[in-house]
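The structure appears below as structure tokens.
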Amino acid sequence: MMREMMQEVLLTGVGAALWTKDMIEERVRGLMNQGMIGRVEGENLMNQMIHRADVERERMKLRVTEEIQKGLKSSGIITKSDFEELKDEIKSLKSQVFILESKLGYETTPDQQQ
């Protein structure tokens, strides 16, 4: 009962992502030293909490990345991948122009297209 309550309090939502391994170990060792939980139970709890904190941290990173991407799209700011796509498209168009100019007899070199 106490274990479940402590785990629930310590690992709710955003709070779980903010807990570091050291913080978790300190709190659980405190419970062990007070005799509230045994050594094996404490180690299990510590491992579960560290895992949960890691999972929550990754989940938050993904969520933040998604929100940043949404913000960039709605603001009209171009992303790096969009920029790279445009660069590739320009490169392809330059090549096509060079081929067409060559067929028409223009005296151009790939260097002149830049």
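Values computed for the structure shown
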quantity: Identity of the residue in the stretch 64-90, basic (Lys, Arg) and loosely packed, with under 11 Cβ neighbours inside 10 Å, that ends up farthest from residue 19 (Cα to Cα); calculated: 87
quantity: The listed residue being open to solvent by 80 Å² or more (accessible area, probe 1.4 Å), part of a helix (DSSP H, G or I), modelled with pLDDT under 90 and not aromatic (Phe, Trp, Tyr), out of 56, 8; calculated: 8
quantity: Per-region count, the stretch 91-108, residues surrounded by 10 or more Cβ atoms within 10 Å (Cβ to Cβ) and at pLDDT below 85; calculated: 2
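The values are calculated or read from the model by the stated rules, or taken from the named source; none is laboratory data. All figures in this text were calculated on a predicted structure; none of them were measured in a lab. Note: ideal-geometry Cβ built from the backbone for every residue, glycine included; neighbour counts use all protein chains shown. Only protein heavy atoms, including side chains, enter the accessible area calculation; ligands, DNA and RNA are left aside. Shrake-Rupley method; radii C 1.70, N 1.55, O 1.52, S 1.80 Å.
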